[in-house]
Amino acid sequence: MRAFAKSILVSILVTVCILLFTNLIYFFPWYMTLVIETFNVSQVAASDNYLKQTYYDDALERLRERPIYRQKADDVEIIAKNEDGGDAIGYDDASYYEDLSEYEKPYKQRGKPVKVTIEAVYPLSIELWGKKYEREIPVSFSLTATGLKHYKDLEYYEYLDQWGDEP
């Protein structure tokens with residue numbers, strides 16, 4: 001009888017391991033989609049030194065509509081930060097910021113880093129005997145890109161120390 005109980009226990013454990021493994025097989029493409037989308041968003045943010053609102057909305061909608069993210073679509077977030085921790089998401093038209101101070105602008109000068117992070121929740125779930133067991137695993141991926149665009153309405157600090165603080 002003891003051997004029969006052990007064989008039942010082993011078969012249950014093997015079944016759980018197989019179900020976990022199949023769930024983790026889905027994790028790899030889920031995570032790679034997160035990585036690729038973070039790369040795409042960071043490259044767009046690097047071209048303008050900030051993330052424009054329309055691209056932010058499009059990228060967020062594109063991620064939320066993918067079948068592998070649909071279960072936890074509300075938990076998908078895109079975060080873009082400047083090196084000083086300020087928000088790097090702003091209006092599409094940069095001329096809106098011309099009269100604002102340097103600290104109020106979402107963009108910084110060329111050469112400054114922009115950190116893009118995409119956060120999402122992976123739903124790890126197993127169904128045993130008709131009962132669903134689920135655990136949410138928060139996952140994020142970050143990339144830091146260097147801003148490429150030179151803005152004339154911002155000071156360019158790279159050579160100021162060589163000219164005695166006067167350009």
Which of the numbered conditions does residue 109 fail, given that it passes all the others? Conditions: (1) touching a strand residue (DSSP E or B) at 6+ places or on another chain (Cβ under 8 Å); (2) modelled with pLDDT under 85. (1)
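Could you grab me the full set of residues in segment 69-85 that are over 30 Å from residue 108 (Cβ atoms) and in contact with a Pro (Cβ under 9 Å, 6 or more places away or on another chain)? Working first, answer last.
First, pick out the residues of segment 69-85 that are over 30 Å from residue 108 (Cβ atoms): 69-74.
Correct list: 71, 72.
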Contacts under 7 angstrom Cβ, first residue in segment 14-34 being more than 17 Å from residue 133 (Cα to Cα), partner of a type in the set (Ser, Thr, Tyr) and part of a helix (DSSP H, G or I), 6 or more apart: none
Within segment 108-146, residues over 11 Å from the mean Cα position of the chain (by Cα), among the aromatic types (Phe, Trp, Tyr) and surrounded by 15 or more Cβ atoms within 10 Å (Cβ to Cβ) come out as 122
Take the conditions in a strand (DSSP E or B) and touching a Leu at 6+ places or on another chain (Cβ under 9 Å) and apply them to residue 78. Does it pass? yes
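Quick one: which of 86, 90 is farther than 15 Å from residue 34 by Cβ, surrounded by 12 or more Cβ atoms within 10 Å (Cβ to Cβ), at pLDDT 80 or above and out of contact with any strand residue (DSSP E or B) (no Cβ under 9 Å at 6 or more places or on another chain)?
Details: 90 fails: out of contact with any strand residue (DSSP E or B) (no Cβ under 9 Å at 6 or more places or on another chain).
Checking each option against the conditions leaves just 86.
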Counting only residues that are of a type in the set (Val, Ile, Thr) and touching a strand residue (DSSP E or B) at 6+ places or on another chain (Cβ under 9 Å), segment 34-55 contains a total of 4
Residue pairs, Cβ under 7 Å, 6 or more apart or interchain, first in segment 104-124 and on the phi > 0 side of the Ramachandran plot and touching a residue at least 40 places away in the same chain (Cβ under 8 Å), second small (Gly, Ala, Ser) and surrounded by 18 or more Cβ atoms within 10 Å (Cβ to Cβ). List them. 111/147
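I'd like to know if segment 33-55 contains one or more residues that are among the basic types (Lys, Arg), assigned to a loop (DSSP other than H, G, I, E, B) and surrounded by 13 or more Cβ atoms within 10 Å (Cβ to Cβ).
Let us first name the residues in segment 33-55 that are among the basic types (Lys, Arg), namely 52.
Add one more test, that the residue is assigned to a loop (DSSP other than H, G, I, E, B), and what stays is none.
No, segment 33-55 contains no residue that is among the basic types (Lys, Arg), assigned to a loop (DSSP other than H, G, I, E, B) and surrounded by 13 or more Cβ atoms within 10 Å (Cβ to Cβ).
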Can you tell me which residue is modelled with the highest pLDDT among those in segment 134-167 that are among the aliphatic types (A, V, I, L, M) and part of a loop (DSSP other than H, G, I, E, B)? 148
Identify, by number, the condition in (1) surrounded by 14 or more Cβ atoms within 10 Å (Cβ to Cβ); (2) among the hydrophobic types (A, V, I, L, M, F, W, C); (3) in contact (Cβ under 8 Å) with a residue 40 or more places away in the chain; (4) part of a helix (DSSP H, G or I) that residue 59 doesn't meet. (3)
Output the number of residues of segment 86-117 satisfying the condition of being farther than 14 Å from residue 48 by Cα and of a type outside the set (Asp, Glu). 6
Any hit, segment 69-79, residues being farther than 30 Å from residue 19 by Cβ and either more than 15 Å from the chain's Cα centre (by Cα) or modelled with pLDDT of 85 or more (or both): yes
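The values are calculated or read from the model by the stated rules, or taken from the named source; none is laboratory data. Just so we're clear, the structure is a prediction, and the values are computed from it rather than from any experiment. Positions of Cβ are backbone-derived with ideal geometry, glycine not excepted, and every protein chain shown enters the neighbour counts.
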